[in-house]
Amino acid sequence: MYSIYCLWVFKMSAAVEVKYEAISPADFFYRNRDIAGFDNPMRAIYTAIRELVENSLDACEDGGILPEIMVIVEEVDENTFKITVMDNGIGIPRDNIQSCFGQILYGSKYTHRQARGRFGLGGKMAFLYGQITTHKPLHVVSAPIGDEWVYDVTLRMDIQNNRPELLEWTRRKGKKGWHGLVVEFYIEGDWIRAKRYILEYIKQTALITPYAAITFVDPEGVLYFFPRSVEKMPSPPTEVLPHPRGVDVEQFRRIISETKTRDMVSFLRTHFHRVGKKTAEKFLDEVGISRDKDPRELKPDEIITLVRKMKTYKEFLPPDAKCLSPLGEELLEAGIRKELNPDFVKVVQRPPSSYGGHPFIVEVGMAYGGGVPRSEEIALYRFANKIPLLFDEYKDVSAKVIRSIKWSRYRIKPGMPIAVFVHLVSTNIPFKTAGKEFIADRPEIEVEIRRGILECARALMRYIQRKERAARERQRLSIYEKFLPLIVRDITILAGEEKEPDYTVLLEKYKTIAEVEAADETGRVEEELEEEETVLEDLEEEGVAVEMDLSVEGEAAAEEVTEEKLVEGEVVPEPEVPLEQYGASEDIEASLTDNPGFASKTKSTKASRKSVRRGEKESAEEKGKPSSKARKPSSKGGGRAKPAKKAGKKEKSEEEE
């Protein structure tokens with residue numbers, strides 16, 4: 001029996017043989033290419049074009065060059081396309097060409113500054129996918145800025161070893177003044193399904209980069225040209241040190257292994273963002289680590305304690321935004337007007353903020369009318385570090401914020417031509433997937449997006465109200481123009497005059513007065529809203545909005561905003577107005593108090609008269625005491641209270657009886 005068991009164990013061990021091996025990064029993404037956006041032919045051709053266009057824009061912006069980009073898609077076989085992308089950027093130096101295109105996780109994106117790319121594998125994943133679907137090599141022409149040579153390289157990727165395989169290399173004298181990069185490769189794709197996404201991506205890229213000139217040629221030979229509308233570029237981002245709140249244990253250990261400092265104060269000041277001498281000394285004293293200790297002598301438990309304290313220490317200054325390159329209100333508005341030509345545009349740039357030690361800036365725009373398409377839902381345009389995001393909109397934090405806002409409070413109804421633009425710039429965009437399609441709902445980012453959208457919504461509400469008022473004035477003027485001549489004619493006949501008076505002067509005067517009143521009212525509303533901006537932001541975050549009605553004549557254009565009037569569900573009492581100052585008698589005052597719309601409290605004199613009226617049911621001692629309760633309207637009879645009778649009249653009627 002024992003021998004049979006041993007034989008069974010031997011057979012099982014021979015059948016379940018476990019094999020251990022290591023694979024290269026290129027082999028890993030070859031097996032899992034769907035996580036990078038290459039899960040089907042339609043997404044593959046779209047992602048490939050997107051990644052190459054983004055690399056070209058980064059190359060131009062790094063050199064401060066106004067981008068000129070051309071994308072050509074040619075169909076060479078059934079579902080096989082040749083993609084060519086040309087730019088006028090800084091180019092790639094000769095020694096880096098092979099690794100930049102033939103080695104996964106090699107590039108210039110791994111720095112602490114804003115960049116379109118985050119993982120450094122988008123372009124190389126496009127070449128890898130093209131190689132495994134068409135088995136054709138990649139052709140690169142690079143003219144580095146400041147180099148007189150143009151380098152022509154043909155290569156393929158060694159996927160198993162994650163290294164480039166050079167097939168052909170030549171160089172030639174470049175044309176005077178030309179610099180940039182040309183990339184040609186083949187890929188299998190579904191152009192029919194991907195066409196609308198690619199065209200929409202190019203259009204939104206031209207919107208978010210109005211300083212770029214983009215040319216696109218599709219497989220049918222149709223040319224799409226998006227000219228630049230401005231000659232100004234945003235300031236380029238600068239690389240900064242990591243912020244203490246955004247460092248983990250592994251990064252802290254790497255910094256220690258590379259440091260040349262010999263004390264903890266110098267270590268913190270040298271390797272961390274916005275840490276001065278006093279801040280470093282106070283932090284070390286609170287943690288309990290000597291200021292003169294060599295950072296290389298820190299023990300593992302001390303490193304863990306330091307990193308944990310860094311994340312919770314409140315005396316560190318917030319991250320500086322100089323590592324970011326936001327588009328700016330002027331350029332974002334120019335891009336919106338260039339592509340959509342709306343009737344109204346409002347753009348807001350929120351102040352810099354941070355999450356987890358990573359700085360970020362939110363830019364929000366809102367457009368109305370013009371070329372904005374009408375839809376039952378508000379059109380949402382999402383951008384992250386100047387990258388258009390087209391897929392998975394419902395999961396994005398911006399869509400979540402838009403769904404939570406009650407747009408009817410801002411006179412915005414379904415079917416109106418309204419578009420919202422949200423642009424997030426950061427050194428670390430919190431994408432949920434490697435495909436970079438939607439942003440995670442971090443609370444700090446969500447708050448800034450909400451505040452920017454609400455500020456734009458208030459501006460749009462003012463614009464809609466001005467349009468409504470102008471429409472009413474035009475309608476009123478048209479009535480005057482229609483009937484005033486008839487009135488003047490009949491009055492002239494009745495007066496027995498032969499010549500009719502000139503009524504056009506009256507119409508011109510009315511036009512002038514209406515325009516002046518509208519301008520004065522608009523200016524007054526905007527001044528009041530600027531003063532109340534802080535209060536409105538805090539209140540609207542909790543779902544409270546103020547709706548101003550400019551259509552009521554003879555009333556103020558905007559009510560004074562107070563916290564008591566903005567609390568939902570609370571009955572706001574009207575101010576008590578003493579009627580004696582208008583010469584009203586007490587009888588009139590008493591009758592007014594019986595009106596259910598009048599909510600002011602009764603005075604002690606009225607309460608004493610009430611107690612006298614109830615004298616038959618109350619004791620003699622209670623007759624002189626004032627009542628502490630105000631009369632409430634009866635719930636019977638449609639909510640109206642019974643009219644009060646005066647004590648003096650009752651006594652007189654008793655004497656007469």
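Taking the inverse of the average 1/r across all pairs of different Cα atoms in segment 12-104, what Kirkwood radius in Å do you get?
Kirkwood radius, segment 12-104: 16.5 Å.
For segment 245-289, what is the per residue volume of the convex hull drawn over the alpha-carbon atoms, in cubic angstrom?
Per-residue hull volume (Cα only) is 79 Å³.
Determine ³J(HN,Hα), in whole Hz, for all residues of segment 414-421 in sequence, where each value follows from phi through the Karplus function 6.51 cos²θ - 1.76 cosθ + 1.60 and θ = phi - 60°; x replaces Gly and Pro.
Taking θ as phi minus 60°, the curve returns x, x, 7, x, 10, 10, 10, 10 Hz for segment 414-421.
In nanometres, what is the gap between the two model label sites at GLU497 and ALA470, each 7 Å from Cα along Cα-to-Cβ?
Going by the 7 Å Cα→Cβ label model, 3.5 nm.
Quick one: length gained pulling ARG171 to GLU444 fully straight, 0.36 nm per residue minus the C-alpha distance?
93.2 nm
As a test of the definition: which semi-axes, in Å, follow for segment 348-393 when you take the square root of five times each eigenvalue of its alpha carbon gyration tensor? Largest first, please.
26, 14, 9
Counting Lys and Arg as +1 and Asp and Glu as -1, what is the net charge of the other residues whose Cβ lies under 12 Å from the Cβ of LYS311?
+3
Which residues among segment 180-196 fall inside the zone where the amide N is under 17 Å from a point 7 Å beyond the Cα of ILE145, along Cα→Cβ?
180-182
Order ASP190, ASP285 by their accessible area, 1.4 angstrom probe, all chains in place, largest first.
So the residues, ranked largest to smallest area, are ASP285, ASP190.
Near PRO25, within a Cβ-to-Cβ distance under 13 Å, what is the net charge of the other residues, with Lys and Arg +1 and Asp and Glu -1?
Summing Lys and Arg as +1 and Asp and Glu as -1 gives +2.
Counting Lys and Arg as +1 and Asp and Glu as -1, what is the net charge of the other residues whose Cβ lies under 14 Å from the Cβ of GLY221?
The answer is -2.
How big is segment 218-278 on each of its three principal axes, counting only the C-alpha atoms and giving the largest first in Å?
Largest to smallest, the principal-axis extents are 64, 28, 20 Å.
At what distance in nm do the modelled label points of LEU477 and GLU315 sit from each other, each positioned 7 Å from its Cα along Cα→Cβ?
6.6 nm
So what are the radius of gyration and Dmax for the Cα set of segment 370-509, in Å?
That works out to 25.9, 88 Å for Rg and Dmax.
Keeping all protein chains in place and using 1.4 angstrom, which order do MET70, MET416 fall into by accessible surface area, from largest down?
MET70, MET416
Given H placed on each backbone N at 1.01 Å, which residues far from VAL240 in sequence or on other chains put an amide H within less than 5 Å of it?
So VAL240 has HN proximity to HIS112.
Could you tell me the calculated FRET efficiency between LEU506 and LYS406, based on Cβ-Cβ distance and R0 = 60 angstrom, to the nearest 0.05?
0.85
For segment 447-501, which trypsin sites (Lys or Arg not before Pro) are both in a DSSP coil and crowded by at most 14 other Cβ atoms within 10 Å? Could the numbers behind the result be given before it?
Working: sites: ARG450, ARG451, ARG458, ARG462, ARG466, LYS467, ARG469, ARG472, ARG474, ARG476, LYS482, ARG489, LYS499; in loops: LYS499.
Qualifying residues, ordered by number: LYS499.
Students sometimes get this wrong: rank TRP407, TRP178, TRP149 by accessible area, probe 1.4 Å, all chains present, largest first.
TRP178, TRP149, TRP407
Using R₀ = 30 Å, calculate the FRET efficiency as 1/(1 + (r/R₀)^6) where r is the Cβ-Cβ separation of LYS395 and THR84; round to 0.05.
Calculated transfer efficiency: 0.35.
Tell me, what is the FRET efficiency for ILE487 and GLU376 to the nearest 0.05, using R0 = 35 angstrom and their Cβ-Cβ distance as r?
Using R0 = 35 Å, I get an efficiency of 0.15.
Using only the Cα atoms of segment 156-276, what are the Rg and Dmax in Å?
23.5, 66
Treat each spin label as a single point 7 Å out from the Cα along the C-beta direction, and report the ILE132 to THR259 distance in nm.
Calculated label separation equals 4.2 nm.
The values are calculated or read from the model by the stated rules, or taken from the named source; none is laboratory data. Just so it is clear, the model here is predicted, and its values are computed rather than measured. Counting neighbours? That spans all protein chains shown, and the Cβs are built from the backbone with ideal geometry, glycine included. The accessibility values were calculated without ligands, DNA or RNA, using every heavy atom of the protein model including side chains. Shrake-Rupley method; radii C 1.70, N 1.55, O 1.52, S 1.80 Å.
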